[in-house]
Each structure stands twice: as structure tokens, then as C-alpha cells.
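Working notes for the structure below.
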Amino acid sequence: MKIMPTREGGLRINAEEAGDWRLLQGIPTDALSWDEKLARRLGKLITDEATAADWKDYVIPDLEAGFSAEVGHVTSAITAARFEAGGGPGALQIAREDGFQWYSTLNQARLALEERFHFGTHDTIDPASLQPVPRAAFLRSHLYCAIQGMLLEHVL
């Protein structure tokens, strides 16, 4: 997989093999892997009862809908690009106007992986010391972070 900025202010992800598409499809899968939705988890951080009640009634529904729409947008983009490539080598374009949806979805995926595996700071972990499932999740988290960095640098 290769990722590069485009002249139009977006990113282009070149999937070089079928495994790259599976890795990209992990983004929405990981983003949706929460036991409890992110908006509700964020609401639990509010300790003031009145503010928490307002959050539950007014913020959570819109936040959940927004998070869901962003993940759906990214899922559709990956699915369409993979279909167009026939599951083999092909490109996925992230246009400038899609940058925030991608950034948010990648963030949701990384938060879900952290919630499940408790990696902490990445520089303190040796991936070789991890079992296969956490190792794969750790490497996906690193990839998601790298894409987010490129989005910040070139798109947002």
C-alpha cells in the first residue's frame, strides 16, 4: 500500500494487493467495534447531572448520527474503490472535502482499538512481543495514525 497527496489537496491510497483492501476495510470495522457507542461513552465523562441529562437528550442523538454517517461514508468509498479494482491493485481517492469524515472515522477506529487493547503510547510497545490478534490491531492503529497525520498535513 502506498499513500500520497494529490495535486487537488486530497490523498490517494494505492492498494497493491487484496490484503491492502482487507486492511482498509478494517477501518470501519474497527470504528464500529465498540461495546458501547462513542457518543454515550463521552457522555459518561460529564459529572454534572443537569449537563449530563442535556448531553443525553440533545447531543448524543446528533453525535451518534454524525459518527455513523462518517463511518458509512468511508465504508462506501472503500467498497466502491475495491469493487472498481476488482479486489486487486487499485486506487482509493480521498478528496479534500472528504478529509474530515476520514479523519473522524480513523479516530473512532483508533479509540476503539485502544479501548479494547490498552496500548497506551505506541513507542513503549514492541509489536513482536504481542500475540497475533493484538499485534494486528496495534499495526492497524499505527497505519490509521499515519493516515491521520497525512490528512492533517495535506488535506485538512
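Can you find even one residue in segment 30-38 that is out of contact with any Asp or Glu (no Cβ under 9 Å at 6 or more places or on another chain), among the aliphatic types (A, V, I, L, M), part of a helix (DSSP H, G or I) and modelled with pLDDT under 95? No - not one qualifying residue is present in segment 30-38. When the residues of segment 123-148 are filtered to those that are assigned to a helix (DSSP H, G or I) and loosely packed, with under 12 Cβ neighbours inside 10 Å, the one that is nearest to the chain's Cα centre (by Cα) is V133. Being aliphatic (A, V, I, L, M) and assigned to a helix (DSSP H, G or I) is the filter; apply it to segment 79-104 and report the residue that is farthest from S68 (Cα to Cα). Among those that are aliphatic (A, V, I, L, M) and assigned to a helix (DSSP H, G or I), it is A81.
Are there any pairs, at least 6 apart or on different chains, whose C-beta atoms fall under 9 Å, with the first in segment 78-106 and in contact (Cβ under 8 Å) with a residue 12 or more places away in the chain and of a type in the set (A, V, I, L, M) and the second part of a helix (DSSP H, G or I) and loosely packed, with under 13 Cβ neighbours inside 10 Å, and if so, which? Sorted first by the residue in segment 78-106, then by its partner, the pairs are A91/E84; L92/A80.
The values are calculated or read from the model by the stated rules, or taken from the named source; none is laboratory data. Please read all numbers here as calculations on a predicted model, not as lab measurements. All Cβ positions, even for glycine, are placed from backbone atoms using ideal geometry, and neighbour counts span all protein chains on display.
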